[in-house]
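First the structure, in the form of structure tokens, and then the observations on it.
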Amino acid sequence: MNRLQQPTTALKLQQLFDNEEPGEPSKQPFVLDSASSTAEIFQSGARAPADKSDAQLQQNEIAGQKSWDPSTIKDNTYFRPQEREAWFGALAQLQDAPAGQAEEGQGESLSYIQLKEQPEAYRGQWVNISGLAGREETVKPAANSLGIESLHRLWIQPAEGGQWPFVVFCLKLPEAFPRGDGIRETVSVTGIFFKNWSYPWEDGLGLAPVILARNIDWKPPAPPQPPAPPATGKLVLGAAGALCVAGLIAWLAVRRTRRRPRSAVELPEKIALPDDTATQTDLPDQLQHLAEQGGDA
């Protein structure tokens, strides 16, 4: 049972029931231009139906700009040539969507498991996903009548974690959004769910829900703030306080070294006062002595 749930097994069973021969690996028939990187290889030998020429496909793309048929899409397999009209029809729907529709929320973010297990319920619907973008690739689609010359492909690890990613094809990205491998940017995406895509990777085949989007919701990290300069008021108060302390120390030093001035008249420590008792006792003798002196005179 575990083996049957692997993408590799699902792909082989799909080829068996569709009577398709594996053949030689071929590049994506419409998602990317034939001149794209050789890494864009799928295990498929399927070819476009013989009764549809490229010119007719171009006309069908124009007619499908307003509507497209999701019934031609099969999950858990490569991008099939039969899905070309639906692919460009979904891209046309993005272009024709009213301003703001692709940016407005369409409910809560869906998990990887929800899209993997219920693709029929969400196919062609506007869905929300969120996660950590780890790689951005600018790819060139096949020739089309929509004027789309390039797409941005994002590999996004779901917010809930897990090994398998979302794959988002965007018509444009914010100018400041980083490009290439090794990025780690938190993003949220509102777009049209297309299919569960079986893609090759180093350990075999992986499985990724594919979403087509006009843009992504991303906030660039805030630039580092320079260290705040010290407040001017605090500097002034600190300098004033230092000056006051220095002045006080200098004043105390001068006061201690200055000599105390001597007074003009030095008073004795103890003042001798007249003895009133002695004065009263000697007074009669003094009067008699004066009288005698007067008689002599």
**Asked** Taking the stated definitions as given, is residue 157 more than 17 Å from the chain's Cα centre (by Cα) and either at pLDDT 95 or above or over 27 Å from residue 72 (Cα atoms) (or both)?
**Response** no
**Request:** Please find, within segment 135-154, the residue that is surrounded by the most Cβ atoms within 10 Å (Cβ to Cβ) out of those that are closer than 18 Å to residue 197 by Cα and within 26 Å of the chain's Cα centre (by Cα).
**Result:** 154
**Request:** Identify the residue in segment 165-214 that is in contact with a strand residue (DSSP E or B) (Cβ under 6 Å, 6 or more places away or on another chain) and outside any strand (DSSP E or B) and, among all such residues, is nearest to residue 94 (Cα to Cα).
**Result:** 173
**Message:** Tell me whether segment 122-136 contains one or more residues that are assigned to a helix (DSSP H, G or I) and under 14 Å from residue 211 (Cα atoms).
**Reply:** yes
**Request:** Return the residue satisfying two criteria in turn: it lies in segment 167-203 and is of a type in the set (Ser, Thr, Tyr) and in contact (Cβ under 8 Å) with a residue 60 or more places away in the chain, and of such residues it is surrounded by the fewest Cβ atoms within 10 Å (Cβ to Cβ).
**Result:** 188
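The values are calculated or read from the model by the stated rules, or taken from the named source; none is laboratory data. Predicted model only: the values in this text are computed from it and were never measured. Glycine also receives a Cβ, built like all others from the backbone with ideal geometry; neighbour counts cover every protein chain displayed.
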